[in-house]
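Novice: Quick one: structure below, then a few questions.
None of the figures in this text is laboratory data; all of them are computed from the coordinates on show. Source: prediction; values computed, not measured. Here the Cβ positions follow ideal geometry from the backbone for every residue, glycine too, while neighbour counts run over all protein chains shown.
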Amino acid sequence: MITMTAIVRPVESLRSFPQLGQNLRRHYEHTLLFTDQMFVIFPGIGAVLVTEHSSRYRFDIVGTDQAIADHRVMKLEAYILNETGGQRIRFDWAKAAHVPVPFR
């Protein structure tokens, strides 16, 4: 299992984007795990673990191999860019050392 983690934040560091979490809850099937964490089901990707912080979001995705994980990364970025309404945002992706507990 390959796990990729992204920290997503606005390019303008002083701006936050709370509407992203609201849009995800409004437009996609989701399951709240904690007050700041949820699984969001994206078409063509599957379950994505989303953790909300005050000025950034963390997205965790899993794939059975690197090619699938890379494909899901590309699709997730497109969904997120669509949901932020053209706001300039930065994606910092890294391969995670372990699979997050909610995926196990």
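Novice: Please give, to one decimal in nm, the separation of the simple spin-label points placed at Ala67 and Val11, each 7 Å out from Cα toward the Cβ.
Specialist: Calculated label separation equals 3.3 nm.
Novice: Between Val101 and Ala78, what length comes free when the chain is fully extended (0.36 nm per residue of separation minus the Cα-Cα distance, one decimal in nm)?
Specialist: 5.7 nm
Novice: Grab the Cα-Cα distance for Asp36 and Gln19, subtract it from 0.36 nm times how many residues apart they are, and report the gain in nm with one decimal.
Specialist: This chain segment gains 4.7 nm when fully extended.
Novice: Among Leu20, Leu32, which comes first, second and so on when ranked by fewest other beta-carbon atoms within 10 Å?
Specialist: The most exposed by this proxy come first: Leu32, Leu20.
Novice: For the range 2-97, what is the charge dipole size about the Cα centre, in debye to the nearest 20, if Lys and Arg each add +1 at the Cβ and Asp and Glu each add -1 at the Cβ?
Specialist: Using only the charged Cβ atoms, the result is roughly 220 debye.
Novice: Taking a quarter of the surface of the convex hull around the Cα atoms of the chain, what do you get in nm²?
Specialist: 6.1 nm²
Novice: Which FRET efficiency value, to the nearest 0.05, is calculated for Ala94 and Glu29 with the Förster distance at 35 angstrom and r the Cβ-Cβ distance?
Specialist: It comes out at approximately 0.85.
Novice: Using the number of other C-beta atoms within 10 angstrom as an exposure proxy, rank His30, His71, His98 with the fewest first.
Specialist: His98, His71, His30
Novice: Quick one: Thr51, Thr31, fewest Cβ neighbours within 10 Å first, how do they rank?
Specialist: Taking fewest neighbouring Cβ atoms as first place, the list is Thr31, Thr51.
Novice: Helix-only estimate, please: 222 nm mean residue ellipticity of the chain, summing -39500 (n - 2.57) across DSSP H runs of length 4 or more and dividing by its residues, to the nearest 500.
Specialist: Counting only the DSSP helices, I get -8500 deg cm²/dmol.
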